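The values are calculated or read from the model by the stated rules, or taken from the named source; none is laboratory data. Remember, predicted model here, so these are calculated numbers, not experimental data. When we count neighbours, we look across all protein chains shown, and the Cβ atoms used for this are built from the backbone with ideal geometry, even at glycine.
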Amino acid sequence: MSAKLFFYPEKMGRIILLGMEEIMGLNGMNAVLRLGNLGKLIQDHPSARADRTFPFETVSAIMQALELTYGARGGRGVALRVGRATFKNGLKEYGSMLGLTEMAFRLLPLSTKLHTGANAFAELFNKHTDQKVRLEEHDNKIFWHIERCPLCWKRKADEVVCHLAVGLLQESLYWVSGGKAFNVEETACIAHGDAACTMVIDQVPL
Ligand SMILES: [Zn+2]
C-alpha cells in the first residue's frame, strides 16, 4: 500500500532554495544539495509555477542536509536564517494574497495585526499547499500548530528540528508589526513523536 504524497507548490520550493542561496552562496547551497543526494535540484531548478509538485520528502531532505553539513547546532542557525530569507522572498510572491499590505491594516492595534496576520498566513498554507496549520491563542501567546509538516516529514529526531519555520515566523512577525522582534520557540515536533510541530509565539515584543 503506498502512502499519499504531499507537496508544496513548486514556487515555494524555489523560494526556499533562493533563501539558501542568499545565506550560503550558490556553491554552498550546491554542496548542501549534493550531500543530501538532491543534486537533481541543481540541474533541474524548481520553476515559479504554482502547481503542487515539490514533495514534502524533498523539503525534509533539504533540512536534514543542512544538519549534515553544519552539524545540529550550526544547521539550526543556518535554517533560522534561511527561514527569514524565505519569508522576504515569499512576500514578493504571496504578499498581495495575504492582504496585509493595505494602509487600513497598518493602522490596526498590534494585537489585532498579529491575530489577523497569523490567520492570513495559516490560511495561505492551508489553501495553497498540503501543509496543515491550526492556530490557537491564549495567555498572550499564539500557538502555530503544524499538523502536517514538510520540514520534518518522515523524520525521527531527539530534539525539535523545524527551525526554518521559526525563522519564517520571526521574520513575518517583524514585518507584520512594522519592525518589532518577538520570541518564537518550537516546543513540540512530529519528528520527536509529538502530534504536531508547535511554534509558540510571544505576543509581547522583546
Ligand atoms: Zn515539523
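Quick look at the numbers
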read-out: Output for segment 1-38, where each listed residue is of a type in the set (Gly, Ala, Ser) and either crowded, with 19+ Cβ neighbours inside 10 Å or at pLDDT 95 or above (or both); value: 13, 19, 25, 28, 31, 36
read-out: Single residue of segment 194-206 satisfying the filter (in contact (Cβ under 8 Å) with a residue 24 or more places away in the chain and under 20 Å from residue 148 (Cβ atoms)) that is nearest to the ligand (Cβ to nearest atom); value: 197
read-out: Residues being in a loop (DSSP other than H, G, I, E, B) and within 12 Å of the ligand (Cβ to nearest atom) - total across segment 126-159; value: 11
read-out: Flag for residue 114 being buried (at least 16 other Cβ atoms within 10 Å of the Cβ), hydrophobic (A, V, I, L, M, F, W, C) and farther than 26 Å from residue 156 by Cα; value: yes
read-out: Residue in segment 180-190 that is in contact (Cβ under 8 Å) with a residue 40 or more places away in the chain, within 11 Å of the ligand (Cβ to nearest atom), crowded, with 16+ Cβ neighbours inside 10 Å and assigned to a helix (DSSP H, G or I) present; value: yes
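Rundown of residues vs (1) among the polar types (S, T, N, Q); (2) over 27 Å from residue 72 (Cβ atoms); (3) surrounded by 16 or more Cβ atoms within 10 Å (Cβ to Cβ), yes/no style:
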site	(1), (2), (3)
85	no, no, yes
90	no, no, yes
98	no, yes, yes
102	no, yes, no
120	no, yes, yes
153	no, no, yes
174	no, no, yes
